[in-house]
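Have a look at the structure below before the remarks.
The values are calculated or read from the model by the stated rules, or taken from the named source; none is laboratory data. The model shown is predicted, which means the values in this text are computed figures rather than measured ones. Don't worry about glycine lacking a Cβ; one is built from the backbone with ideal geometry, like all the others, and counts go over all protein chains shown.
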Amino acid sequence: MFKIKKALKEMLPVAKSGFNFGVGRNPRPSLSINSSVKPFNLFPSVGRPISSASIQAQSTDQEIVIALGGNVGNRIQNFNEALRLMKNYGVTVTRHGCLYETEPTYVTDQPKFFNSAIRGTTKLNPHDLLTVLKQIEAELGRTSGIRYGPRPIDLDILFYGNLRVNSENLTVPHERIWERPFVLAPLMDLLGSSGENDTVAAWHSFANCKNGLFDIWNKLGGESSIGNEGIKRVLPLGDQLVDWSKKTHVMGILNLTPDSFSDGGKFLEARDAVSHFRSLISEGADMVDIGAQSTRPFAGRLTVDQELDRLIPVLDEIINIPESKGIILSVDTFYADVAAEAVSRGVHVVNDVSGGTLDPQILGVVASLGVPFITMHMRGQWRVQTYFKCGHTRK
Ligand SMILES: Nc1ncnc2c1ncn2[C@@H]1O[C@H](COP(=O)(O)OP(=O)(O)OP(=O)(O)O)[C@@H](O)[C@H]1O
Ligand SMILES: Nc1nc2c(c(=O)[nH]1)N=C(CO)CN2
């Protein structure tokens, strides 16, 4: 009872004020969300149908999965905008699936789709969530077109807590999950290797197979179908769409440091560094990671300015040589300011050996730059990494 009251109290401000449609570049029409529970048929995955009293308990956070698809306009911009709006309107995104480029199904004479899925939590009830998703689709320019035809964005509710919903305008789990590789592939990215909690166990149970959703996915081809069957795992980097499923990509390392293990001191001069960059490319590197700060044990730490002084002259030369066209560049740094400067000069990826722990600004900065972030794990403090052996530390 306490939980229900608390949940209703938490929902009240939302219900009173509506969601913040005014935020962002364009003023948006306001949508008032009525948080009261609408009538719908509920059949919990296990056990008896839920009574209306317990329906209200769903206004506490529920775990949900939403599938995204779209094949009209700037697909990545539409996905990003849909995610931003979802967050604004009451969905907390907790996990992102990978991004897939997929051949159109059902109606095949239309452009390729982007597909992905997110896992999140929401206090919106299922029908209010559907209303919000329809509103976002409309805001992103979706108009009623042909069934299964082209659209800037399609947002489908795959799962809502452990509930089954069957109403005139909403069916959860989504009816066509089971036949769609473009839905199952990103859904797999959102699941742990086995049931993580009761809600995820319920999602598996909806599949009516011994190994739940994993069996359904494997029947449709599973991981080995990615890259072959009209479904590619992709990542937009600058103006390229990189297909990660086509082959193993090789990353070359360019250390602009005096003291790194393998090549310290060899490429301090810009001329030598650029020449090494060229030879990495000629030997088949698809990506080059450029770092000016040594993170080996006992290395002294450079300031932002010192790191930039080493990095920028080399970076500027590399960006301007023809060989760098089509090559993915990453900057190996743990400083937010170095990451921002490198990206402004054309670097595609930020690679942080400290996983965001040495400069707390870096995660927010990289998020606002909108570039991929490689998060590395470092054992213990930088200076003592080698002392972490078999779980013991030495002072
Ligand atoms: N789980 C669900 N998620 C989203 N919409 C749903 C769901 N269940 C039923 N619907 C209903 O389906 C209607 C049609 O949805 P939509 O226009 O997205 O169809 P579609 O994209 O052409 O096909 P599909 O939903 O199979 O991908 C929606 O207006 C909505 O009322
Ligand atoms: N590959 C792919 N094909 C589709 C998709 C989609 O998201 N991806 N959505 C459709 C409309 O629901 C119809 N066909």
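Taken together, the criteria place residue 193 among residues that are more than 16 Å from ligand 2 (Cβ to nearest atom) and small (Gly, Ala, Ser). Quick check on the range 209-218. Is at least one of its residues more than 16 Å from ligand 1 (Cβ to nearest atom), aromatic (Phe, Trp, Tyr) and surrounded by 18 or more Cβ atoms within 10 Å (Cβ to Cβ)? Yes, there is a match, as at least one residue in the range 209-218 is more than 16 Å from ligand 1 (Cβ to nearest atom), aromatic (Phe, Trp, Tyr) and surrounded by 18 or more Cβ atoms within 10 Å (Cβ to Cβ).
As a summary of the residue check, residue 108 satisfies the conditions (1) touching a strand residue (DSSP E or B) at 6+ places or on another chain (Cβ under 7 Å); (2) more than 20 Å from residue 172 (Cα to Cα) except for the one numbered (1).
Residue count for the range 82-105, restricted to those that are among the β-branched types (Val, Ile, Thr) and either outside the structural domain of residue 140 (by TED's automatic domain parsing) or surrounded by fewer than 21 Cβ atoms within 10 Å (Cβ to Cβ) (or both): 4. Of the residues making up the range 143-172, those that are part of a loop (DSSP other than H, G, I, E, B), within 8 Å of ligand 1 (Cβ to nearest atom) and either of a type in the set (A, V, I, L, M) or in contact with a Lys or Arg (Cβ under 9 Å, 6 or more places away or on another chain) (or both) are 151, 170.
Of 239, 263, all but one fail to be modelled with pLDDT under 85 and not assigned by TED's automatic domain parsing to the domain that holds residue 334; the exception is 239. Give me the residue from the range 315-353 that is polar (S, T, N, Q) and over 20 Å from the mean Cα position of the chain (by Cα) and, out of that set, surrounded by the most Cβ atoms within 10 Å (Cβ to Cβ). Within the range 315-353, the match that is surrounded by the most Cβ atoms within 10 Å (Cβ to Cβ) is 333.
Annotation note: of 94, 105, the sole residue that is under 27 Å from residue 243 (Cα atoms), touching a residue at least 12 places away in the same chain (Cβ under 8 Å) and within 15 Å of ligand 1 (Cβ to nearest atom) is 105.
Scanning the range 94-115 for residues that are under 11 Å from the mean Cα position of the chain (by Cα) and within 12 Å of residue 233 (Cα to Cα) yields 97, 98, 99. Under the condition of being more than 11 Å from ligand 2 (Cβ to nearest atom) and under 24 Å from the mean Cα position of the chain (by Cα), which residue from the range 143-161 is farthest from residue 96 (Cα to Cα)? Per the stated criteria, the residue is 152.
Residue 257 meets each of the listed conditions (1) touching a residue at least 60 places away in the same chain (Cβ under 8 Å); (2) in contact with a strand residue (DSSP E or B) (Cβ under 9 Å, 6 or more places away or on another chain) apart from (1). Being at pLDDT 95 or above and of a type in the set (Ser, Thr, Tyr) is the filter; apply it to the range 108-142 and report the residue that is farthest from ligand 1 (Cβ to nearest atom). It comes out as 121.
Residue-level analysis places residue 164 among those that are among the basic types (Lys, Arg), more than 18 Å from the chain's Cα centre (by Cα) and away from ligand 2 (no atom under 12 Å from the Cβ). Going through (1) away from ligand 2 (no atom under 11 Å from the Cβ); (2) crowded, with 22+ Cβ neighbours inside 10 Å one by one, residue 121 falls short only on (2).
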